[in-house]
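K.L.:
Pasting a structure below so you can have a look.
The values are calculated or read from the model by the stated rules, or taken from the named source; none is laboratory data. Note that the structure is a prediction, hence the values are computed from the model and not measured. In this analysis, Cβ positions are derived from the backbone assuming ideal geometry, glycine residues included, and neighbour counts consider all displayed protein chains. Quick note on the areas: whole protein, heavy atoms, side chains included, nothing else; ligands and nucleic acids left out. Shrake-Rupley method; radii C 1.70, N 1.55, O 1.52, S 1.80 Å.
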Amino acid sequence: PVSIALDGFFSSGLDHDPDARPSNAGELKNIFLDAKPNLQGVTENKVDRFSRFRFKGHISQRFQNADKVKIIDNYGVLKRLHNKQETFIKYIKLGENISDSDLIHVGRNLFNIETLYSVCHTVAPNLISHGIDQENTLFMETEVAKGIKLNLFLEKPNIELSKFKNATTNLLNDIKLLASKGIIHNDIKNEHVFIDEEYSIKVIDWFDFQYF
């Protein structure tokens, strides 16, 4: 019965209108700028167009008490306690000279983060903050997902199938809605799906900061 309730869970979320998602980097850049015209800077500095997302200082100060979870070159994941809630911080250091391709990636991530949480905020852990610091470090902080990974949850002996089916159906609807807006999770798997005792499901790792 559980497998029936899960039928299509990992594939249906990817069934989307291919025309709804930008097809190339140039189109992504244009859509981002068209959607967020107030981000276009008044100087020649490319990064000024992201002034609305700017944070004073840099993340090493902002998250100075956070624990290091993973550091790979200029990419990192931190963890801290914020208002009695555990949070994860993902970041990528871009440096002073941002290439056009990285600029597009910055725009895409900032645009996608806002779209995800404005269209369907319940599908992912709560967003605490996101932006780009004064040293051109792109970051995003979210609450740690509650509950356990989906594969561990399915091993529980007394799953309430009606609640589970409703939860997965709602999640699929949310994923399809986001796909129609061009927000695609390219790596939905057991490790990225968490479910708690109230049958609330959250999907983590929506954005690939690591791949610049």
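K.L.:
Look at residue 154 and say whether it is loosely packed, with under 14 Cβ neighbours inside 10 Å, out of contact with any Ser or Thr (no Cβ under 7 Å at 6 or more places or on another chain) and touching a residue at least 60 places away in the same chain (Cβ under 8 Å).
P.N.:
no
K.L.:
Return the total of residues in segment 86-141 being touching an Asp or Glu at 6+ places or on another chain (Cβ under 7 Å), open to solvent by less than 20 Å² (accessible area, probe 1.4 Å) and closer than 15 Å to residue 202 by Cβ.
P.N.:
Of the residues in segment 86-141, 4 are touching an Asp or Glu at 6+ places or on another chain (Cβ under 7 Å), open to solvent by less than 20 Å² (accessible area, probe 1.4 Å) and closer than 15 Å to residue 202 by Cβ.
K.L.:
Something else about it: Among the candidates 132, 148, which residue alone is β-branched (Val, Ile, Thr), farther than 26 Å from residue 84 by Cβ and touching a residue at least 24 places away in the same chain (Cβ under 8 Å)?
P.N.:
The conditions single out 132.
K.L.:
Do you know which of the residues in segment 161-212 that are of a type in the set (Lys, Arg) and not in a loop (DSSP other than H, G, I, E, B) is nearest to residue 104 (Cα to Cα)?
P.N.:
So, considering only residues that are of a type in the set (Lys, Arg) and not in a loop (DSSP other than H, G, I, E, B), the one nearest to residue 104 (Cα to Cα) is 176.
Quick grid of which residues meet (1) in a strand (DSSP E or B); (2) in contact with a helix residue (DSSP H, G or I) (Cβ under 9 Å, 6 or more places away or on another chain); (3) at pLDDT 95 or above; (4) more than 20 Å from residue 136 (Cα to Cα):
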site	(1), (2), (3), (4)
65	no, no, no, yes
79	yes, no, yes, yes
98	no, yes, no, no
101	no, yes, no, no
105	no, yes, no, no
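K.L.:
Follow-up question, since we're still on this one. For segment 124-160, what are the residues that are closer than 16 Å to residue 197 by Cα and either part of a strand (DSSP E or B) or among the hydrophobic types (A, V, I, L, M, F, W, C) (or both)?
P.N.:
Selection gives 144, 145, 148, 149, 150, 152, 153, 154, 159.
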